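Quick one: structure below, then a few questions.
The values are calculated or read from the model by the stated rules, or taken from the named source; none is laboratory data. Since we're looking at a predicted model, the values are computed, not measured. Using ideal geometry, Cβ is built from the backbone for each residue, glycine included, and neighbour counts are taken over all protein chains shown.
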Amino acid sequence: MILLAVPVLAHATDTLRFHSTAFGTGRMVIVHTPQFFHAASEQVRMPVFIVLDGQHDWFVEPVLNDIRYLQYTHEVPQAITVVVPHADRVRESAGRGDEQDVLPLLRMLTDELPPLLKPYPPGDYTVLIGHSFTASFALHAKQQAPDAFDAVIALSPLHRVDAYLPALAAQLRERGNDDVLLAVGGADRSKDGGHHATLMNAWNTLPTQKGRMVLREYPTAGHTSLPVIAFPELLSTLFMDFSLRDSLAPVNDEYQLVRVPGTPEEEMRKVEASLRFRSTELPWEVAEINGLASRYDASGYAQHVLAIYRRGAELYPEDVTMNWYLGEALLGTDRSAAEKVLRKALMLLEREPIGEAERAGARAEIEALLK
């Protein structure tokens with residue numbers, strides 16, 4: 001089997017408008033779904049990234065581009081990204097920090113957003129992302145609703161950090177699997193000086209044990225450039241374990257396996273075990289499926305390739321490649337089943353938003369297998 005360049009599904013965007021009981025007015029959120037989302041079965045529950053400050057294109061667009069690029073390079077997982085615009089970011093984000101202070105924005109995110117996302121359907125790992133005032137809100141939200149947000153990326157928070165950080169450090173020490181990643185720009189007044197001293201002073205009063213809370217300084221970053229400079233590093237840091245997990249079948253310089261694999265069943269159990277992340281699972285992705293299959297195929301393990309694509313087609317039943325490669329893997333053992341999934345691949349190919357030349361080339365490859 002030779003893995004070919006094949007079409008991929010594009011990202012999609014949905015604008016969800018709703019009446020917010022928390023705010024007593026109409027609101028909206030914008031939901032971005034990644035490649036392969038619409039090809040996936042309900043077994044594939046992708047994590048959720050909630051990006052605050054959605055009314056600021058200068059902030060949101062770089063963040064969305066970072067997410068897409070890091071997904072493409074397999075540094076972070078495919079995710080449902082929810083952008084939240086604000087009518088008044090300061091008023092919506094500034095809380096007192098006490099237990100009775102439940103902001104309307106927090107009620108909207110914890111009570112009203114989950115039902116809106118249910119049709120997608122999301123996984124149970126959520127990252128909350130904010131900058132400046134909304135970064136402070138993200139810290140407040142994590143403190144007030146720890147089960148609603150598994151991780152927070154807070155870029156240059158200022159408001160009440162002296163209260164939020166000690167409470168969060170204690171919370172993280174107790175919970176173990178949660179993450180809070182903070183960033184601040186340069187100390188110079190022309191950089192992020194207005195926030196730097198306050199955040200660093202609050203940080204330096206914390207005990208040595210802070211759970212999974214980290215703070216990184218970016219001396220060259222100004223307050224508004226910090227998201228562009230710091231966000232991709234913090235996001236890739238959060239998902240370091242994910243980026244390293246596709247190492248079940250190491251190969252040498254000749255692309256041959258360096259160890260004799262177990263049975264297909266044993267290898268698939270290793271795959272399932274590798275999907276664990278913190279206290280949940282992150283789905284097995286199309287790129288990982290194709291990558292693992294290609295390594296076994298290069299060393300002649302046809303049954304392992306078949307087992308991989310059987311599972312791949314279960315996870316992504318509407319994906320062209322999963323059906324194409326499963327059909328090819330079945331040809332040697334079950335011609336009838338192979339023809340069935342190859343014909344499905346041809347049907348799916350016609351729906352792909354690609355050029356006719358690319359479609360014709362893929363169609364010819366699949367039809368050649370059917371002959």
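Considering every residue within the range 59-73, establish whether at least one is part of a loop (DSSP other than H, G, I, E, B) and in contact with an Asp or Glu (Cβ under 8 Å, 6 or more places away or on another chain).
Taking every residue of the range 59-73 in turn, none turns out to be part of a loop (DSSP other than H, G, I, E, B) and in contact with an Asp or Glu (Cβ under 8 Å, 6 or more places away or on another chain).
For the range 181-214, how many residues meet the condition of being aliphatic (A, V, I, L, M) and closer than 16 Å to R160 by Cα?
8
Okay, moving on. Among the numbered conditions (1) more than 19 Å from M268 (Cβ to Cβ); (2) assigned to a loop (DSSP other than H, G, I, E, B), tell me where A364 comes up short.
Every listed condition holds for A364 apart from (2).
May I ask you to list the residues in the range 54-63 that are surrounded by 19 or more Cβ atoms within 10 Å (Cβ to Cβ) and touching a residue at least 24 places away in the same chain (Cβ under 8 Å)?
Once the filter is applied, which keeps residues that are surrounded by 19 or more Cβ atoms within 10 Å (Cβ to Cβ) and touching a residue at least 24 places away in the same chain (Cβ under 8 Å), the range 54-63 yields G54, F59, V63.
Continuing with this model, one more query. Any residue in the range 173-184 that is surrounded by fewer than 20 Cβ atoms within 10 Å (Cβ to Cβ) and on the phi > 0 side of the Ramachandran plot?
Yes, because at least one residue in the range 173-184 is surrounded by fewer than 20 Cβ atoms within 10 Å (Cβ to Cβ) and on the phi > 0 side of the Ramachandran plot.
Select from the range 330-364 the residues that are surrounded by 15 or more Cβ atoms within 10 Å (Cβ to Cβ), closer than 24 Å to Y301 by Cβ and of a type in the set (G, A, S) and list them in ascending order.
A338, A345
Here's a follow-up. What's the number of the only condition in (1) in contact (Cβ under 8 Å) with a residue 40 or more places away in the chain; (2) under 30 Å from the mean Cα position of the chain (by Cα) that S299 fails to meet?
(2)
Right, another one. Looking at the range 80-94, I want the residues that are without any contact (Cβ under 8 Å) to a residue 40 or more places away in the chain and surrounded by 21 or more Cβ atoms within 10 Å (Cβ to Cβ) and have a partner that is outside any loop (DSSP other than H, G, I, E, B) and of a type outside the set (S, T, Y) with Cβ atoms under 7 Å, at least 6 apart or on another chain. Which pairs are those?
none
Let me ask something else. For the range 92-136, name all the residues that are at positive phi and modelled with pLDDT of 95 or more. Explain how you work it out, then say what you get.
Initially, the range 92-136 is screened for residues at positive phi, giving 97, 132.
Passing the criteria: only S132.
Conditions (1) among the polar types (S, T, N, Q); (2) in contact with a helix residue (DSSP H, G or I) (Cβ under 7 Å, 6 or more places away or on another chain), marked per residue:
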residue: A221; (1), (2): no, yes
residue: T237; (1), (2): yes, no
residue: R245; (1), (2): no, yes
residue: A249; (1), (2): no, yes
residue: M268; (1), (2): no, yes
residue: V271; (1), (2): no, no
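From the list Y255, Y164, which residue is of a type in the set (S, T, Y) and surrounded by 18 or more Cβ atoms within 10 Å (Cβ to Cβ)?
Only one candidate passes the filter, namely Y164.
Follow-up. Just one of the numbered conditions (1) modelled with pLDDT under 95; (2) in contact with a Lys or Arg (Cβ under 8 Å, 6 or more places away or on another chain) is not true of P353; which one?
P353 satisfies every listed condition except (2).
Quick one: which residue in P227, P261, P250 is more than 30 Å from G194 (Cα to Cα) and surrounded by 15 or more Cβ atoms within 10 Å (Cβ to Cβ)?
Details: P227 fails: more than 30 Å from G194 (Cα to Cα); P250 fails: surrounded by 15 or more Cβ atoms within 10 Å (Cβ to Cβ).
P261 is the lone residue from the list that is more than 30 Å from G194 (Cα to Cα) and surrounded by 15 or more Cβ atoms within 10 Å (Cβ to Cβ).
Of the residues Q71, Q43, which is outside the structural domain of L348 (by TED's automatic domain parsing), surrounded by fewer than 19 Cβ atoms within 10 Å (Cβ to Cβ) and at pLDDT 95 or above? Before the answer, list the steps.
On the way: Q71 fails: surrounded by fewer than 19 Cβ atoms within 10 Å (Cβ to Cβ).
Checking each option against the conditions leaves just Q43.
Would you point out which residue out of N177, N201 is of a type outside the set (A, V, I, L, M, F, W, C), more than 21 Å from V82 (Cβ to Cβ) and free of Cβ contacts under 8 Å to residues at least 60 places away in the same chain?
Exactly one of N177, N201 is of a type outside the set (A, V, I, L, M, F, W, C), more than 21 Å from V82 (Cβ to Cβ) and free of Cβ contacts under 8 Å to residues at least 60 places away in the same chain, namely N201.
Condition first: within 27 Å of F242 (Cβ to Cβ) and under 31 Å from the mean Cα position of the chain (by Cα). Can you find one or more residues in the range 329-337 that meet it? Before the answer, list the steps.
Filtering the range 329-337 down to residues within 27 Å of F242 (Cβ to Cβ) leaves 329.
With under 31 Å from the mean Cα position of the chain (by Cα) added as a condition, the list becomes 329.
Within the range 329-337, one or more residues are within 27 Å of F242 (Cβ to Cβ) and under 31 Å from the mean Cα position of the chain (by Cα).
Restricting to the range 201-228, name every residue that is more than 24 Å from A148 (Cβ to Cβ) and more than 29 Å from the chain's Cα centre (by Cα).
N201, N204, T205, P207, T208
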